[in-house]
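J.: One structure coming up, written as structure tokens, with questions to follow.
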Amino acid sequence: MNFYIDTPLSHVMPGLVAGALTKGQESRSEAYVENIDDMIRDAVQHATADVDAQQDILVSLRKREIVRLLYERGVFNIKDAVTLVAKEMGISINTVYLHLRNIKPGDCAVKTQRRRRVKEEGRK
């Protein structure tokens, strides 16, 4: 490990201590699973817990919000994720696709970044 000698120890220690976060960082956890099904099931459970913790989301919009969170987290980049998410959430595949189609660019940073990238590539 290389660092400048004039760096205060208080600036170095948070990087060495497990679980220490600096201002602006969000906590992330790692999960090791046996197969993709378990990973998607775990992602759906975490997204459901996150949505359930937010009391300002209407009950009728909770499943759509769960799908949006899963989209932001990149779950739908995995093959057959739509089928597995639909099964785990107890909704049809068509309903998952409907929610995915209705994600507005402002709703999700990932989709907005993709659109910008496509526009920039088109200009070249």
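J.: For T48, T83, which order do you get if you count the other beta carbons within 10 Å of each Cβ and list the fewest first?
T.: T83, T48
J.: With Cβ to Cβ distances under 13 Å as the rule, what net charge do the other residues near E34 carry (K, R +1; D, E -1)?
T.: Local net charge: -2.
J.: With r as the distance between the Cβ atoms of E72 and E120 and R0 = 25 Å, compute the FRET efficiency 1/(1 + (r/R0)^6) and round to 0.05.
T.: Using R0 = 25 Å, I get an efficiency of 0.70.
Since every read-out is calculated from the coordinates, none of them should be taken as a lab result. Just so you know, these numbers come straight off a predicted model, no measurement behind them. As a convention, Cβ positions derive from the backbone with ideal geometry for all residues, glycine included, and neighbour counts pool all protein chains shown.
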